[in-house]
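This report concerns only the one structure given below.
The values are calculated or read from the model by the stated rules, or taken from the named source; none is laboratory data. As the structure is a prediction and not an experimental result, all values here were calculated from the model. Here the Cβ positions follow ideal geometry from the backbone for every residue, glycine too, while neighbour counts run over all protein chains shown. For accessibility, only protein heavy atoms count, side chains too; no ligands or nucleic acids. Shrake-Rupley method; radii C 1.70, N 1.55, O 1.52, S 1.80 Å.
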Amino acid sequence: MIRRWIIKKSKGELATFTMVYVLLFFTATVAFALQIRQYISLKTYTEDALAASNLASAVIDIQEYGVNHNLIIKDPAHAYSIYQDALKVNMGLNDHWEDPAGMISSPVQVEQYIVYNVRGTEVEVTSFGENLNYSATETLGSATSPNGRVIESTSIYSRISYQVTGYFGVTVPAVKDKLVDVVKNN
């Protein structure tokens, strides 16, 4: 009789043990799926903020457009300043470039901001960044943005980076870039 009790207890422990592992696996799978959804949501949010900030900084020279019909950003340095202000607002960042309420766990860094002004067959490139400020002139059709797109019209490119902290303290780097074209509405 003692022997039957031991065998029954062992079978019950095995079922409980198996159920705990199935429950842990299910919990980990749900946590992983939720984390992926949060990353996708943050990616979309960041892309939208970049596009809106790039477009906000696309202040064209009305005189140049009226005379020569060229869409030119007259003052790229001022455009960069507008971009920074717009990015802070669009991403909900404070004055230290930190996200006080979200998943972004480090200050957002503007790695590169480039204005491509197209005049005829020339592309004037003006770049701003942490360690990289320069101006150059390239030929239309040969000028490409850092993300590989060929510049066909006046455009603005920007790239930002930050750290994202997920579940279980896992921190991953994130880099997002966006190129917007400034074109006439026909």
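A few notes on this one:
- In range of the label at Ala28: residues from the range 162-176 whose backbone nitrogen is under 17 Å from the point 7 Å along Cα→Cβ: 167-170
- Taking all protein chains together and rolling a 1.4 Å probe, His69 ends up with roughly 110 Å² accessible.
- Reachable aspartates and glutamates from Lys43, criterion Cα separation under 12 angstrom, eight or more residues apart if same chain: Asp177
- Listed options for Cα extents along the principal axes in Å are [x] 69, 35, 31; [y] 103, 45, 28; [z] 104, 35, 32. The value calculated from this structure is the one marked [z].
- At a probe radius of 1.4 angstrom, the accessible area of the chain per residue rounds to 63 square angstrom.
- Projecting the Cα positions of Ser135, Ile104, Ala51 onto the charge dipole of the chain (unit charges on Cβ atoms of Lys, Arg, Asp and Glu, taken about the Cα centre) puts Ile104 furthest along the positive direction.
- Percent accessible area from carbon and sulfur atoms, the chain, protein chains only, probe 1.4 Å: 59 percent
- Dipole magnitude of the chain about its Cα centre (Cβ charges: Lys, Arg +1; Asp, Glu -1), debye to nearest 20: 1860 debye
- Helix 2-56 axis, angle to the chain major axis (alpha carbon atoms, nearest 10°): 10 degrees
- Ranking Thr165, Leu42, Met19 by Cα position along the charge dipole of the chain, where only Lys, Arg, Asp and Glu carry charges on their C-beta atoms, puts Met19 farthest toward the positive end.
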